[in-house]
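These notes are about the structure you will find just below.
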Amino acid sequence: MSVRYLALIGPTASGKTAAALALARHYPIEIISVDSALVYRGMDIGTAKPTLAERRAVPHHLIDIRDPLSAYSAAEFADDARALMADIAARGKLPLLVGGTMLYLHALRRGLDALPQADLALRAQLHERAMLTGWPALHAELALHDPLTAARLATADAQRISRALEVYYATGRPLSSFYSTQTVADNPFDPLIVSLEPQDRAWLHRQIGLRCDAMLTGGLMDEVVALRGRGDLHPLLPAMRCVGYRQAWQALDGQWPMRELPDKVVCATRQLAKRQLTWLRSMPERHVVACDATDAQQQVLARVEAFVRDKTNTQPYG
């Protein structure tokens, strides 16, 4: 018997949290975060983490489950999400996955071969080389060994270029080869995937600008200063490479004037949104709702109502 679940995905700043809370007012749902940054404790402002009031109103899972010193993999997410979905469904509720870390969703739906653990020494060597030759040069190197991964990465995407080369040099296999060939049909979970995507990219850029302004005025720098003050964190950790935190850390290291930080954060967030939209276009099974439409939430509700009715032949929950 398959377990039904809802997935509400989309690029950053597309309104996923608001739409999820609107769904919670109509259905008995519990939210499973699909976000690689929300797993970390002490990283609230720069991740736009749901507020305590929002988490009290609707149960949330996979938030604040790791210290920033620890890693959390897509494979771990898939295992945790499957267990949570089965438990939520067993209690008569609908699991709702919300977020924009598309690799997590891919791992859940299609699986991943086991990736090697992070090799911090090798990563440091790659970063030293990049400081000498530039990330475009390492991107060109990646294209020789893993053209599929290189084709979907920007030439300045330091984090992902580094990880892809790290995997290749550690295993002799391109990162793209670790994607499992498992089919969706093999998966015992039955989803409705709703994707919030902008009709007008400029609208999303404005939302990103507003979010970044709110983070910076809301205390992002204080948060990063506190994290640095622990003394055990460093910029190569996955947590400290999250958008916003990486740029703030670099500014504090003097890599550019502090006055440039807002533009750096906005630029990095736009690049993240572009990567997310690229992932989404590779998912033809998703149901697209224009997040910049005035009735976006109503459209999401309508999609979910049709899904619930179709799968149960009864009145919707709520």
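Points to keep in mind about this one:
- Subset of the stretch 118-157 [farther than 23 Å from Lys264 by Cβ, without any contact (Cβ under 8 Å) to a residue 12 or more places away in the chain and polar (S, T, N, Q)]: Gln125
- Listed conditions (1) more than 26 Å from Ala124 (Cβ to Cβ); (2) crowded, with 16+ Cβ neighbours inside 10 Å; (3) hydroxyl-bearing (Ser, Thr, Tyr) are all met by Tyr245, apart from (1).
- Residue match in the stretch 227-240 (condition: assigned by TED's automatic domain parsing to the domain that holds Leu103, touching a strand residue (DSSP E or B) at 6+ places or on another chain (Cβ under 9 Å) and either under 30 Å from Gly92 (Cβ atoms) or part of a helix (DSSP H, G or I) (or both)): yes
- Counted residues, the stretch 271-283 - those being under 17 Å from Ala202 (Cα atoms) and out of contact with any Gly (no Cβ under 9 Å at 6 or more places or on another chain): 4
- Test for Trp279: is it under 23 Å from Pro191 (Cβ atoms), of a type in the set (Phe, Trp, Tyr) and either out of contact with any Cys (no Cβ under 7 Å at 6 or more places or on another chain) or surrounded by 13 or more Cβ atoms within 10 Å (Cβ to Cβ) (or both): yes
- For the stretch 45-83, residues that are more than 18 Å from the chain's Cα centre (by Cα) and not β-branched (Val, Ile, Thr) total 9.
- The listed residue being of a type outside the set (Val, Ile, Thr) and at pLDDT below 85, out of Ala150, Ala156, Ala202: Ala156
The values are calculated or read from the model by the stated rules, or taken from the named source; none is laboratory data. Keep in mind that what you see is a predicted model, and the values were worked out from it rather than measured. Note that we place each Cβ from the backbone using ideal geometry, even for glycine, and neighbour counts take in every protein chain shown.
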